[in-house]
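Okay, structure first, notes after.
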Amino acid sequence: AAPSRPSSRGALGGAARLALGPGSRGATPEGGSSFAKLGAMVVNHSASGGTEGRWSEGPRNAIVPVKEWVGVKHGKEVQSRCTSGRVVDVSDRNVLCMSVLGEKAVLGSADHGLKEVNIRAGQLTRNLFTKRFGHSEWVTSVAHCPDGRAVSGGADSKLCLWNASGVSCVDLTGHMGSISRVRVDGQGKLAMSSSYDKTLGVWDLRSKRLLASCTGHNAPVLEFVWWDNTVASGDRSGLIKLWDTNHVQCSGTLKGHQGHITSMLMVPDGDGAPTLITGAQDGQLRVWDLRQKVNTFTAACHPGGAVNDIAVTARRDFPLIVSTGADGRLVILEPRVGYRPLNETGKLTEDFLYCLLVLDDVAFVGDGRGQVTCINLQDGQLRYALSAGENAIRCLGASASSLICAGDDGNAVIFDF
């Protein structure tokens, strides 16, 4: 049976808290929660592909012989044309989310379905939508488990746990509003979701039950990040809640942003404790000391528009913080010198920057006109630009040697390095 939705108020006079789901055994105030002991789940929009300098040199198939075909997009037959990369026709609707694991990518779209693509072969391998299984509304978020399973969230308020093969799934129900984000821990035992119902849910992927619910936000929860026993979530009102999973309770509220929270990132400081970095509709990037629960740095990195994405380079010696904004710019910050801007690009597009992916020492950004731009993060210089479609690029991902781009054209465009 689906677990009932916990009250939006905690048990102690309306205090925010983690409410345990029916039948939960993994979380107790005395013993600490089981999901606090699974190790860090690093969410930083970055990776090291093992390609050394090849990401900065450009793909082998940036220009290819012209390929034309007739396809169905938004219910109409259209003439499609490709002059770069390898194209996989994923959906006749917008692709909204993507997760990559090894050589497999799972893409969710506005047609209510998900498609699995073999990146190396450039072929569709699974259609994760049937009359019996799947979502009944837009698929808004998807994340892989290490064993190949995938968890998707949709505007239909539910999560689907998909097997690593086949086309069947288990519905995870309990939210009362559209799912904004889904993430899976590093061992694939737990998933966490945020929702427009103003809560976060923690799901046991073995028993397929709701383990706990974080209640206390007074606005839709748009984003969250999770590091060991600390969860930070941001909502539409601009508030950030901190959750201590060891003691099963909300441990603080961070205020300062104006407008809804648009991006969040956790990075470790020198002694391994996480530092929280947030961006919002006000164009500001803020750094928070989670021990003291204070804002230690604020910069108007993207005046006049929202901070769209925040990422960190995978380098261990001196990681750099990267942000993109609605102003069409990319900003590179140096944490070792008080988050001083190291480099800033000019306006990279006349449209909107929808997505950011950091690979080694370069950043890829996708804009509203189908262009993907590569920037060298050491000097802030543009390396090259790729044509990945005619409309917005909303998702970027990478295998060990390929970049995969997807968005409003309904296609996956693969560039090989």
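The values are calculated or read from the model by the stated rules, or taken from the named source; none is laboratory data. Quantities reported herein were computed from a predicted structural model and do not represent experimental measurements. Note that we place each Cβ from the backbone using ideal geometry, even for glycine, and neighbour counts take in every protein chain shown. Heavy atoms of the whole protein, side chains included, go into the accessibility calculation; ligands, DNA and RNA do not. Shrake-Rupley method; radii C 1.70, N 1.55, O 1.52, S 1.80 Å.
Multiplying the residue separation of VAL78 and GLN292 by 0.36 nm and subtracting their alpha-carbon distance yields 71.4 nm. Computed from point charges on the beta carbon alone (+1 for Lys and Arg, -1 for Asp and Glu), the dipole magnitude for region 306-417 about its Cα centre is near 340 Debye. The order of the peptides 236-244, 407-415, 332-340 by mean Cβ neighbours within 10 Å, most packed first, is 407-415, 236-244, 332-340. Of PHE129, PHE297, the order by accessible heavy-atom surface (1.4 Å probe, DNA, RNA and ligands excluded), from most exposed downward, is PHE129, PHE297.
Of the two radii for region 111-204, the radius of gyration is 0.96 times the Kirkwood radius, both from the alpha carbons; that is the Rg over Rh value.
Its alpha carbons considered, region 276-417 gives a radius of gyration followed by a Dmax of 15.0, 47 Å.
Using 0.36 nm times the number of residues separating ARG132 and ASN246, minus their current alpha carbon distance, what extension gain do you get?
Stretched out fully, the ARG132 to ASN246 stretch lengthens by 37.2 nm.
Among LEU210, VAL231, TRP243, which residue has its Cα furthest toward the positive end of the charge dipole of region 200-247, with +1 on Lys/Arg Cβ and -1 on Asp/Glu Cβ? Checking the options against the dipole of region 200-247, the answer is LEU210.
Peptides 153-162, 201-210 ranked from most to least packed by the mean count of surrounding Cβ atoms within 10 Å: 153-162, 201-210.
Once the chain from GLN258 to ASN163 is taken as fully extended at 0.36 nm per residue, the excess over their C-alpha distance is 30.1 nm.
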